[in-house]
Amino acid sequence: MKMEVKRNIIEIVPENEIDEAYIEEVLGLKEEGESCACRREDVMKESVFGRDSLTHNSLWCIYIAKGMAKE
């Protein structure tokens with residue numbers, strides 16, 4: 001599976017049938033126009049010195065999941 005980050009979207013491009021099945025079954029995106037929520041989660045919240053360690057190069061990730069609460 002390939003992800004392309006564009007100006008206003010993150011495009012997930014399936015490269016085989018397994019990728020397609022994952023997108024359809026796990027994320028619940030079977031029909032055109034269906035959507036799933038995503039959220040940012042900070043991975044590093046405190047440094048070893050007890051201070052906030054979030055900087056321009058901190059670790060974070062985006063969770064994309066079927067059935068996430070929409071805000």
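Computed from backbone phi, the HN-Hα couplings of the stretch 9-25 come to 9, 10, 9, 9, 10, x, 10, 7, 5, 5, 4, 4, 4, 4, 4, 6, 8 Hz, rounded to whole numbers (Karplus: 6.51 cos²θ - 1.76 cosθ + 1.60, θ = phi - 60°; Gly and Pro given as x). Subtracting the Cα-Cα distance of Ser35 and Ile10 from 0.36 nm times their residue separation leaves 7.7 nm of extension gain.
Scanning residues 5 or more positions from Ala37 or on other chains, those with amide H under 5 Å from its amide H are Ala65, Gly67, Met68, with H placed 1.01 Å from N in the peptide plane.
Every number here is computed from the coordinates shown, using simple stated rules; none is lab data. What you see is a predicted model, and the numbers here were worked out from it, not measured in a lab.
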